Amino acid sequence: MLPSWRDGVARDALLSFLRDVEDVHPQERVAIFDNDGTLWCEKPTYPQVYFFVHELRGKAATRPALADRPEYRAVLEGDRAALGRLGLERVAMALVELFEGMSPEHFTDRVDRFFADERHPDRRVPYGELLYVPMLELVETLREQQFRVFIGTAGGADFVRAVSERLYGVAPELVVGSRVTYEARRSDGRLTLVRTAQLDGEPNEGPTKLPNIQRQIGRRPRLAAGNSPGDAEMLEYASTGEGPTLALLINHDDGEREYAYESEAGTFVATESILDTAARSGWSVVSMRADWKTVFTG
C-alpha cells in the first residue's frame, strides 16, 4: 500500500486514518483534493494559465488587433511589470473572454488538444506527465476503501473536467471549481449552451470552497488535501468533522525533483504562512523531499 511513500509520520497518519475509517459507513467516506500543487505541478505557473496563453497566441496570429488590448499585450510580451499593474483578476477575466460564445464541447476539445500537443516549459514533457505519483496512489487507495474522491480547485471547473477522468479517474461531475456562466442558444434548430465571460459566483478559493462543497457534494469530507492558503478552510472543514478525519498539506520543499517554494493563494494575500497554519491546526504535513520516493509520473 502506498509504495511511493517513505516510512514516516505522514505515511503513518495516512495508514492510521485508513484503518480508522473501516468503521465508517461507505456513504460517509468522502475525500477531496485540491488540484494545482496537490495533484499536479503548478510551477512556473498554473497549467490553465499556459493554456490561456497558448490560445491567445493562436487567436492573435489571425487577429493581430487583439494585441492592442493592454491585458493581452502584456501577456503576449511577457511584460511582468504591466501584468503587475493590471492585476491578476483583470488579466484572468480578459483571458476568460477569449472563450465567450464557445460551446462546452468545443472548449473541452481545445483543452484536450493542449494536453496532447504542448510541453511544460521547464520539464519539456506533456503537462499530463507532471502528476504526483504518491497522490495518485493515495487516490486509488481511497477508492479501494470505498471513498468517493472529489477535486476542489480554484481553477476553472470546465478546464479540470476536460482531463480529470483521464488523468485521475475522477468523473467531471466530481470536480468542484470556479465556474463561468452559460447561455442557452438555438443554432440551426438545435439547442446548445455557450460560455459567457462572467463568473458564476466568486472564484472557488478560500472560504468560498465550503459552500460550493456543500452545494455539489452535500457532505463534509473526511479527508482533504491541499497545498496553499487557498485550501486552508477546506482542510480545516474536513479535519474538524466528527469521527476519523485527516487534513494533508503538501509542502513543496524539493528543489531538485520539483520546485522549492511556499505555496500562496491565487486570489488573495494570506495573513499567515500555510505551514504555520498547519502547525497550529495539527494537520499532517507531507514533505515532498522526505516523504516521497518519487514525484512525477513522467
Given (1) surrounded by 14 or more Cβ atoms within 10 Å (Cβ to Cβ); (2) not in a helix (DSSP H, G or I), number of the condition Glu55 does not satisfy: (2)
Does Val163 meet the test of being part of a strand (DSSP E or B) and at pLDDT 95 or above? no
Provide a single number: the residues in the range 124-146 that are in a loop (DSSP other than H, G, I, E, B) and either polar (S, T, N, Q) or surrounded by 15 or more Cβ atoms within 10 Å (Cβ to Cβ) (or both). 3
Based on what the data block shows, is Ala116 free of Cβ contacts under 8 Å to residues at least 40 places away in the same chain and aliphatic (A, V, I, L, M)? yes
The range 20-37: number of residues that are outside any strand (DSSP E or B) and either in contact with a Leu (Cβ under 6 Å, 6 or more places away or on another chain) or on the phi > 0 side of the Ramachandran plot (or both): 1
Can you tell me how many residues in the range 225-243 are surrounded by fewer than 24 Cβ atoms within 10 Å (Cβ to Cβ), hydroxyl-bearing (Ser, Thr, Tyr) and in contact (Cβ under 8 Å) with a residue 60 or more places away in the chain? 0
Tell me yes or no: at least one residue of the range 268-275 is modelled with pLDDT under 95 and either of a type in the set (S, T, N, Q) or in a strand (DSSP E or B) (or both). yes
Only residues that are farther than 21 Å from Phe296 by Cβ and not aromatic (Phe, Trp, Tyr): list them for the range 144-161, please. Glu144, Gln145, Gln146, Arg148, Gly152, Ala154, Gly156, Ala157, Asp158, Arg161
Can you tell me which residue in the range 244-259 is surrounded by the most Cβ atoms within 10 Å (Cβ to Cβ), limited to those that are in a loop (DSSP other than H, G, I, E, B) and charged (D, E, K, R)? Glu258
Out of the residues in the range 65-89 meeting the condition of being surrounded by fewer than 13 Cβ atoms within 10 Å (Cβ to Cβ) and not acidic (Asp, Glu), tell me which one is nearest to Ser187 (Cα to Cα). Ala65
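The values are calculated or read from the model by the stated rules, or taken from the named source; none is laboratory data. Just so we're clear, the structure is a prediction, and the values are computed from it rather than from any experiment. Reconstructed Cβ throughout: ideal geometry from the backbone, glycine too, with neighbour counts over all protein chains shown.
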